[in-house]
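The values are calculated or read from the model by the stated rules, or taken from the named source; none is laboratory data. Just so we're clear, the structure is a prediction, and the values are computed from it rather than from any experiment. Every residue, glycine among them, receives a Cβ derived from its backbone with ideal geometry; neighbour counts consider all protein chains shown. Surface areas here come from the heavy atoms of the whole protein model, side chains and all, with no ligands, DNA or RNA. Shrake-Rupley method; radii C 1.70, N 1.55, O 1.52, S 1.80 Å.
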Amino acid sequence: MQPYGIQSMLKEGHKHLSGLDEAVVKNIDACKQLSTITRTSLGPNGMNKMVINHLDKLFVTNDAATIVNELEVQHPAAKILVLAGRAQQEEIGDGANLTISFAGELLQNAEELIRMGLHPSEIISGYNKAIKKTIEILDELVEEGSDIMDVRNKEQVVSRMRAAVASKQFGQEDILSSLVADACIQVCPKNPANFNVDNVRVAKIAGGGLHNCAVVRGMVLKTDAVGSIKRMEKAKVAVFAGGVDTSATETKGTVLIHTADQLENYAKTEETKIEELIKAVADSGAKVIVSGAAVGEMALHFCERYKLMVLKISSKFELRRFCRTTGAVAMLKLSQPNPDDLGYADSVAVEEIAGVRVTVVKNEEGGNSVATVVLRASTDSILDDLERAVDDGVNTYKAMCKDSRIVPGAAATEIELGRRVKEFSFKETGLDQYAIAKFAESFEMVPKTLAENAGQNAMEIISSLYAEHASGNTKAGIDLEEGRCKDVSTINVWDLHITKFFALKYAADAACTVLRVDQIIMAKPAGGPIRRDQPAGMDED
């Protein structure tokens, strides 16, 4: 039988879905599934997810960005939401969960509208009007006086950072955010806009508890010193990227040796050569040698003789950070360093933390370019989660260096936005007013989810929030511990304006992108033998 219609145009084996029911609703459905996964981990009482990725690595976390990155999302429409979440994570570093959950909620409401008979393009135009209005209202909700901020004032930093850290580690946000704030303030450059997230490092060491965490000015390397010298104070540092060892010659040569004396002298020349090189380094004033590759036996012997401390940093990136901390220039081969190429460290010492030997490189006075937060916890997965919380804190600090305006947290902003956008929808004529009203309803997802995750009655809380806001108290939010409405400024929960701004913007964009699709045409997957399960430890590609 001859294929006809669209079948005859495309190769066999393709899939073609079109029309509202097949394409749009199916897309919306896939996105809803994704947002249901992330939604339960929204907010401080969010549940953890256990994700095992294709390499059998286990993640236990409630950080939406990590979850959706590790899930290999196959569905093309749901991928759009993943990309929106990822964009938020790259841009701000916090609020990926809000982006994905809110986009899912918008799409779910769009589905109801489609079932009522609205055309997707009307919904899109309504959503676009609504997001414009939302951004205007968001600017009005900014706390007065918060646009000027001293990024080196710890109190102000912590108040803005607490909410971001609490959403990952509820109940420990005070300890963590003060640690992160300390670390960030130490490495903050003269012009805060140039703050580099990479300058706050995290060293994870199992054992101990949160109260053992500390901030070190400088670096913590998880390796022991190579030689027997374990401490150096006020030392100059020479960095050799190519390793400290004799280099084999390029050419192959044959040496004829006639007498025993010649044989003895032949071995001695190598020794004298290395001694010469190491002596040159020692004479230049360097007391610490850092090698990027292997350290030879003989070279190590001479380093000991000249009282040089030897460290080995095998990772190239760590080596660069080390150079940044000490202000050294990495040299390629072992030779006498220029005085300008030497770095300086106040102290380089091997310390033992819970049975793990670490080398601590401290730089107190000079260019405080790197700070390390030493995290302690009982298991690896808790450590990973703490690291994500610190990461969110540091990213929030970077965001507040750019724009320090804050809006009320604890769902106060969302309820107010929902209320004001709803009012705006009554003024609209035309069919998109229904879409605007649904957009306003979608904001209820945030308080509803926060309350549900904390195990409270969501409907009661939402109605009392609306009542508070209608009576003019725009800062009323949920106090999760007591389960009732409270003024946010009393419990000190603030969110950065820039986080909310991008999260809502990306969510609306992603939702509109998904709604604009009306046909899915999938070609037949490229042929080739069907892959059996790969051997463990192999990568996808």
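Pulled fully out, how much extra length does the chain show between ASP29 and ASP487, if you take 0.36 nm times their separation in residues and subtract their Cα-Cα distance?
Full extension from ASP29 to ASP487 adds 161.2 nm.
Over all distinct Cα pairs, what is the inverse of the mean 1/r for segment 218-365, reported as the Kirkwood hydrodynamic radius in Å?
Here the Kirkwood hydrodynamic radius works out to 16.1 Å.
Could you tell me the calculated FRET efficiency between SER284 and GLU318, based on Cβ-Cβ distance and R0 = 22 angstrom, to the nearest 0.05?
On the way: r = 24 Å, r/R0 = 1.07.
The pair SER284/GLU318 has a calculated efficiency of 0.40.
Could you sort 102-115, 65-78 so that the peptide with the highest average Cβ count within 10 Å comes first and the rest follow in order?
The packing order, highest mean first, is 102-115, 65-78.
Go ahead and run the numbers for FRET between LYS222 and ASP340, Cβ-Cβ distance against an R0 of 45 Å, rounding to 0.05. Write out the running numbers ahead of the final one.
On the way: r = 30 Å, r/R0 = 0.66.
E(calc), rounded to 0.05, equals 0.90.
If you stretched the chain out fully between ASP174 and VAL255, how much longer would it get, using 0.36 nm times the residue separation minus the C-alpha to C-alpha distance?
That pair, ASP174 and VAL255, stretches by 22.1 nm at full extension.
Using alpha-carbon pairs under 8 Å, 6+ residues apart, how would you state the relative contact order of segment 1-136 in percent? The partial results should precede the final answer.
Numbers: 112 pairs, mean separation 32.0, N = 136.
Result for segment 1-136 is 24 percent.
Once you treat every alpha carbon in segment 313-376 as an equal point and sum by Debye, what is log10 I(q)/I(0) at q = 0.15, 0.24, 0.27 Å⁻¹?
-0.55, -1.20, -1.33
Going by a ≥ b ≥ c, the root eigenvalues of the Cα gyration tensor, does segment 24-70 fall in the rounded group (a/c under 1.5), the prolate group (a/b larger than b/c) or the oblate group?
The shape class here is oblate.
Distance between Cα centroids, segment 396-435 to segment 340-391: provide it in whole Å.
Result: 41 Å between the Cα centres.
Going from most exposed to least, what order do PHE322, PHE317 have by accessible area with a 1.4 Å probe?
Sorted by accessible area, descending: PHE317, PHE322.
Normalised radius of gyration for the chain, please: alpha carbon Rg relative to 2.2 N^0.38 Å, two decimal places.
Details: Rg = 29.9 Å, N = 541, 2.2 N^0.38 = 24.0 Å.
Its radius of gyration relative to the 2.2 N^0.38 Å reference: 1.24.
By DSSP, what percent of the beta bridges with both residues in the chain are antiparallel, rounded to the nearest 5? Could you put the intermediate results ahead of the total?
On the way: 36 of 55 bridges.
Looking only at bridges with both residues in the chain, the antiparallel portion is about 65 percent.
Can you sort ARG162, ARG305 by 1.4 Å-probe accessible area, starting with the largest?
Putting ARG162, ARG305 in descending order of accessible area: ARG305, ARG162.
If each of THR269 and LYS230 carries a label point 7 Å out from its Cα toward its Cβ, how far apart are those two points in nm?
4.1 nm
Using the Karplus equation 6.51 cos²θ - 1.76 cosθ + 1.60 (θ = phi - 60°), what ³J(HN,Hα) coupling, rounded to whole Hz, does each residue of segment 458-471 give in order, writing x for Gly and Pro?
Karplus-based 3J(HN,Hα) across segment 458-471 equals 5, 4, 4, 5, 5, 5, 6, 4, 4, 4, 4, 5, 5, 7 Hz.
Could you derive backbone 3J(HN,Hα) for segment 422-436 from the dihedral phi with the Karplus parameters 6.51, -1.76 and 1.60 (θ = phi - 60°), listing whole Hz in sequence and x where the residue is Gly or Pro?
Couplings: 4, 4, 4, 5, 5, 7, 7, 10, x, 6, 6, 4, 5, 5, 5 Hz.
Give me a comma-separated list of calculated 3J(HN,Hα) values for segment 484-501, in order, Karplus coefficients 6.51, -1.76, 1.60 applied at θ = phi - 60°, integers in Hz, x for any Gly or Pro.
9, 7, 8, 6, 5, 5, 6, 8, 6, 10, 10, 10, 6, 4, 5, 5, 4, 4
How many Å³ per residue does the convex hull of the Cα positions in segment 336-478 occupy?
Numbers: hull volume 33.6 nm³, N = 143.
Given the Cα convex hull of segment 336-478, per-residue volume reads 235 Å³.
Based on DSSP H runs of at least 4 residues, each adding -39500 (n - 2.57), what is the mean residue ellipticity at 222 nm of the chain after dividing by all its residues, to the nearest 500 deg cm²/dmol?
-15000 deg cm²/dmol
For a test of the definition: using alpha carbon positions, the gyration tensor, and the 1.5 limit on a/c, classify segment 280-332 as rounded, prolate or oblate.
Verdict is oblate for segment 280-332.
Can you check what the Kirkwood hydrodynamic radius comes to for segment 16-102, Cα pairs only, in Å to one decimal?
13.5 Å
Roughly speaking, to the nearest percent, how much of the chain's 1.4 Å accessible area is carbon and sulfur?
51 percent
Using a Förster distance of 60 angstrom, determine the FRET efficiency expected from the C-beta separation of GLU276 and ALA193, and round it to 0.05.
Step by step, r from the Cβ atoms, then E = 0.80.
If you stretched the chain out fully between GLN262 and GLN7, how much longer would it get, using 0.36 nm times the residue separation minus the C-alpha to C-alpha distance?
83.2 nm
Find the accessible area per residue for the chain; the probe is 1.4 Å, ligands and nucleic acids are left out, and the unit is Å².
With the other protein chains kept in place, the chain gives 49 Å² per residue.
Would you mind computing the Rg to Rh ratio of segment 166-281 from its alpha-carbon coordinates, Kirkwood style for Rh?
Result: Rg/Rh = 1.23.
Normalised by the number of residues in segment 305-431, what is the relative contact order in percent for Cα pairs under 8 Å and 6+ residues apart?
13 percent
Just list whichever of LYS133/LYS427; LYS129/LYS438; LYS26/LYS438; LYS129/LYS168; LYS49/LYS204; LYS154/LYS398 have alpha carbons separated by over 24 Å in the model shown.
Violating the 24 Å Cα-Cα cut-off are LYS129/LYS168.
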